[in-house]
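What follows is a single structure, written as C-alpha cells, with notes after it.
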C-alpha cells in the first residue's frame, strides 16, 4: 500500500512531464483529464486510509475513486505516453506498467466494493498476491524503469 502509494505520484509526475513537453501534441482536454487523475492518485491513498479508519462504506467509495485515478493515468500512458517513449524497451516497460495498474486497480475496486457484497470472495491473501505484487513489480518497477529509460541524457 505504502510502496505504490509513494511511487504512484512520481509516475504520475513523469506522465505530466511527458504531456507538457513542447514536442508533445497533447490537447488541453487530455491535460485536464491528466490533472484530475493525478490529483486522485496523490490524494487517494490518504482518503482510502480515512475510509479504512472510519467507515467501510467510505473506504469502498474512496477505493473505487482511487482505482479510477490509476486507471485513467494508465490509459493516458497507453494512449499517449508509451508510443512517444524513446526506445523499444521503454515502450514495453511503460506498457507493462500501465496494464499492471489497470489489472490491479480492477482488483482493488472489487475488493473495496466487497462492503456492498458485490465481490465478497476476495480475501487479503488474494489482494496481496494480485494487487500487492502486481503494483510493486508490474506497475512501479516497470513504470520507473520505463520512465528512466525515456529520460533525456543530462550534461
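Any read-out appearing in this document is the output of simple, stated calculations on the displayed coordinates, not a laboratory observation. The shown structure was predicted, so the numbers you read here are calculated from the model rather than taken from an experiment. Here Cβ is always computed from backbone atoms with ideal geometry, including for glycine, and neighbour counts include all displayed protein chains.
Can you give the calculated 222 nm mean residue ellipticity of the chain, where each DSSP H run of n ≥ 4 adds -39,500 (n - 2.57) and the sum is split over every residue, rounded to the nearest 500 deg cm²/dmol? Kindly include the intermediate steps, with their values, before the conclusion.
Working: 6 runs with 103 residues, N = 155.
Result for the chain, helices only: -22500 deg cm²/dmol.
When each of the peptides 71-79, 54-62 is scored by the mean number of other C-beta atoms lying within 10 Å of its residues, the order from highest to lowest reads 71-79, 54-62.
If R0 is taken as 35 Å, the Cβ-Cβ distance between residue 64 and residue 10 corresponds to a FRET efficiency of 0.90.
How compact is the stretch 53-155 by the rule of thumb for globular proteins, expressed as Cα Rg over 2.2 N^0.38 Å? Provide the component values of the computation, followed by the final result.
Numbers: Rg = 15.7 Å, N = 103, 2.2 N^0.38 = 12.8 Å.
Scaled against compact globular proteins, the figure is 1.23.
Kindly rank 6-15, 118-127 from highest to lowest mean number of other beta carbons found within 10 Å of each residue. Please list the in-between numbers first.
Details: 6-15: 18.7, 118-127: 12.4.
Those peptides, ordered most packed to least, come out 6-15, 118-127.
With the contact rule set at Cα under 8 Å and sequence spacing of 6 or more, what percent relative contact order holds for the stretch 2-149?
Working: 191 pairs, mean separation 37.2, N = 148.
Relative contact order here is 25 percent.
The value of relative contact order for the stretch 5-87, using C-alpha pairs under 8 Å at least six residues apart, is 31 percent. Taking a point 7 Å from the Cα of residue 106 along the Cα-to-Cβ direction, the residues of the stretch 56-99 with backbone N closer than 13 Å to it are 71, 99. Put in order of Cβ neighbour count within 10 Å, fewest first, the listed residues 48, 106, 130 become 106, 130, 48.
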